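Scroll down for the structure; my scribbles are underneath it.
The values are calculated or read from the model by the stated rules, or taken from the named source; none is laboratory data. If you're wondering where the values come from, they're calculated on a predicted model, not measured in any experiment. Backbone-built Cβ (ideal geometry, glycine too); neighbour counts: all protein chains shown. Ligands, DNA and RNA are stripped out before the accessible areas are found, and what is left, the full protein with its side chains, is counted by its heavy atoms. Shrake-Rupley method; radii C 1.70, N 1.55, O 1.52, S 1.80 Å.
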Amino acid sequence: MAIQIYLILCIIYIFMSWFPNARETSFGRMVGRLVEPYLQPFRSIIPPLGMIDISPIVAIFALNFAMYGVGFIFDMLR
């Protein structure tokens with residue numbers, strides 16, 4: 001469940017980039033402090049394609065794979 005909450009925070013942070021100055025609000029800065037350390041390695045590996053940064057999409061896919069992997073492991077332990 002913690003991974004799902006973090007996934008939602010990542011999606012919120014990505015959508016905040018669509019609205020001017022949304023990341024500069026106190027909520028935006030708080031979400032940024034939580035999400036940026038996870039997104040930064042993906043940004044350093046995957047360059048932006050023109051004006052589009054696809055690294056958050058890859059980061060979300062990786063988080064989804066981790067979530068399903070952890071769920072599979074816990075299901076196997078039952």
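Identify which of the listed values of Kirkwood radius over Cα pairs in Å was calculated from the structure shown: (i) 13.3; (ii) 13.6; (iii) 11.8. Read-out from the structure maps to (ii). Taking the charge dipole of the chain about its Cα centre, with +1 at Lys and Arg Cβ atoms and -1 at Asp and Glu Cβ atoms, the residue from MET1, MET67, ILE52 reaching farthest to the positive side is MET1. Counting only protein heavy atoms and a 1.4 Å probe, the chain has 74 square angstrom of accessible area per residue. Taking all protein chains in place and a 1.4 Å probe, what share, in percent, of the accessible surface of the chain do carbon and sulfur account for? Solvent-exposed carbon and sulfur of the chain make up 75 percent of the total.
Just to confirm the number: angle between the C-alpha axis of helix 26-45 and the first principal axis of the chain, 0 to 90 degrees, nearest 10? The answer is roughly 70 degrees.
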